Amino acid sequence: MAGVTRIKSTTLLIRSAAGPALAFLVIVNFAGYALFGANGVLAFSDYKRSLVERTAKLEVVQAKRDQLARRVRLLGPKVDPDYADELIRRETGQVRPDEFIIPTR
């Protein structure tokens, strides 16, 4: 009879510990994702590095955009004659690679 009582107490112990054990595993899982996950605490340095890289790329893109905006202004309602001459010579192949076009104004 002592063996049956021991099995029942072991089963009861396992059942009573299952809930807290499951809760502990869930908490450990969330804590693991909070530390090591894609958006976790340890990924913060990757975010900082990515921000620096993207800021540098943004500066390059903004400089290119400003350059294109300047060209559009030169081709605006009244075309700058020097710029038009430069474009025509470049597009028709009348400029050699070692030649520089220097605007007079």
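What follows draws every value from the coordinates through simple rules; no lab data is involved. Because the structure is predicted, anything quoted here is derived from the model rather than measured. For neighbour counting, all protein chains shown are included, and Cβ atoms are generated from backbone atoms with ideal geometry for every residue, glycine included.
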Task: Rounded to 10°, Cα long-axis angle of helix 44-74 versus longest principal axis of the chain - done: 20 degrees
Task: Dimensions (Å) - segment 18-105, Cα atoms, principal axes, largest first - done: 85, 32, 21
Task: Cleavage-rule hits, trypsin sites (Lys or Arg not before Pro), segment 32-95, DSSP coil, Cβ neighbours within 10 Å at most 10 - done: Lys78
Open item on the list: Starting from 0.36 nm per residue, how many nanometres of slack lie between Leu42 and Lys64 once their C-alpha separation is accounted for?
Closed with: 4.4 nm
- [ ] Report, in whole Å, the centroid distance computed from the Cα atoms of segment 77-103 and segment 10-56.
- [x] 61 Å
Open item on the list: Less than 13 Å Cβ to Cβ from Glu53, Lys/Arg counted +1 and Asp/Glu -1: what total charge do the surrounding residues give?
Closed with: +2
Task: In degrees, nearest ten, helix 81-91 long axis to first principal axis of the chain (Cα) - done: 70 degrees
TODO: With label points built 7 Å along Cα→Cβ from the Cα atoms of Arg49 and Arg6, find their separation and express it in nm.
DONE: 5.7 nm
Open item on the list: From the phi angles alone, apply the Karplus equation (6.51, -1.76, 1.60; θ = phi - 60°) to segment 18-31 and give each ³J(HN,Hα) in whole Hz, x where the residue is Gly or Pro.
Closed with: 5, x, x, 5, 5, 4, 4, 5, 5, 5, 4, 4, 5, 5
